[in-house]
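Heads up: the structure comes next, in structure tokens.
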Amino acid sequence: MSRGLRWRRHLGWLWLSVMSFTALMLLITYETRWVHPDINAYFSQSGNLTGQQLATRSRRYLEESLGLLLEEGESAAARERASFRVELGYSLFDIGLYRNEYACTLPSLARLDELQQRLTRGEALPPSSLSQHLLGPIRCLTEIEMDQLDRRSKVTNEFVEQTRRHQTQVLVGSLLIYLLGLVFWWMHERRRRQAERASRDSLRWMAQALRDPLTGIGNRSALHDDVMDDQGRALGLVLIDIDYFKQYNDALGHPDGDRLLRELVELIDAALGRRARLYRMGGDEFAALLPCEGEAILERACQDLIDAVHRAALPHPGHPAGDWVTLSLGAVHFTARGDGFSGAYAAADQALYHVKANGRDGWRLGSDVSSSA
């Protein structure tokens, strides 16, 4: 995947995340600004809802003054206390809200004002006169209280309902954003798994491209890559050719020829002590790459391989010089470095040519000229 495509994908996921959180913040801000004025109107000391408190206190002051006048109306002290309470009740009663919205307010205030004047002048106040001057305002205040109570209950119910509705909206919005987050995560996870699967497939195809499909060992490209990975190491390269393999196929057929190739791979691996990496170079030619500190080790490995094939005694009905499968080996000891592998390979190939030219069924060690230069 190109860098530009990766950046576009990252920016896409980043944009989705930012938009999700932005939507959540806008929803929360909307809910806060919507509910706040209702809360303010409900709890503030201005507006209609405070009228209930004033009417209640005014009514209580008038009821106290009525009780004082009825019980101790002849006492100057009682009349003075009653006058004070009437004045307090009047001041709480005389507000714009009551004047504008309740018809009984102005007549009641007029009666209280008249009562206050009579109390100030010291006039006698029979019970009938008290009923006329105080019971009317008290009834008016009671009506105001009940109306304000109804209003308060209505506003409270509306506020509770709005709050419940807005809370539901916040819950649904938060749940929706949460689900969107899960969807985005699932999409991201699916893309990630697809990318991982594509990477695994690519690695598998690359591995298959470096393997011989018949025998399962490496191919010519794998040999070159492995040598490049072993820079600076002392290695032994053995080129292996099956003697008269064409005649084997002609005598027994290609299926038996394929079976022989697989058997020889196992035999070569065992003969070299399972330490070598094996490669099929094509047709009946193999290569073995093994760690090798000196030519003596490489010579012993070649001889061990020739002896193992002799002991196996694999039948070869088309062999012109015998009845068994034989191998020809060309080997070279070299140090892996840079582009020097071509010289080592040429030396091993030249050694193999000499063996085949001199009767086959043997091995020869070549000299890596590029390594000794």
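Bear in mind these aren't lab numbers, they're just calculated from the coordinates by the rules spelled out. Just so we're clear, the structure is a prediction, and the values are computed from it rather than from any experiment. We place every Cβ from the backbone using ideal geometry, glycine too, and count neighbours over all the protein chains shown.
Panel order for V227, V265, by other beta carbons found within 10 Å of each beta carbon, from fewest to most: V265, V227. Charging the Cβ of each Asp and Glu at -1 and of each Lys and Arg at +1, and nothing else, the dipole of segment 220-372 about its Cα centre rounds to 80 debye.
For the pair segment 226-271 / segment 83-123, the C-alpha centres are spaced 122 Å from each other. The distance separating the Cα centre of segment 144-192 from that of segment 319-340 comes to 82 Å. Peptides 287-294, 255-262 ordered by packing proxy, namely the average of other Cβ atoms within 10 Å per residue, highest first: 287-294, 255-262. Taking a ≥ b ≥ c as the square roots of the eigenvalues of the alpha carbon gyration tensor, segment 176-263 is oblate, as a/c is not under 1.5 and a/b does not beat b/c. Of the trypsin sites (Lys or Arg not before Pro) found in segment 289-373, none is in coil by DSSP with at most 10 other Cβ atoms within 10 Å of its Cβ. Placing +1 on the Cβ of every Lys and Arg and -1 on the Cβ of every Asp and Glu, with no other charges, gives segment 212-284 a dipole of roughly 180 debye about its Cα centre.
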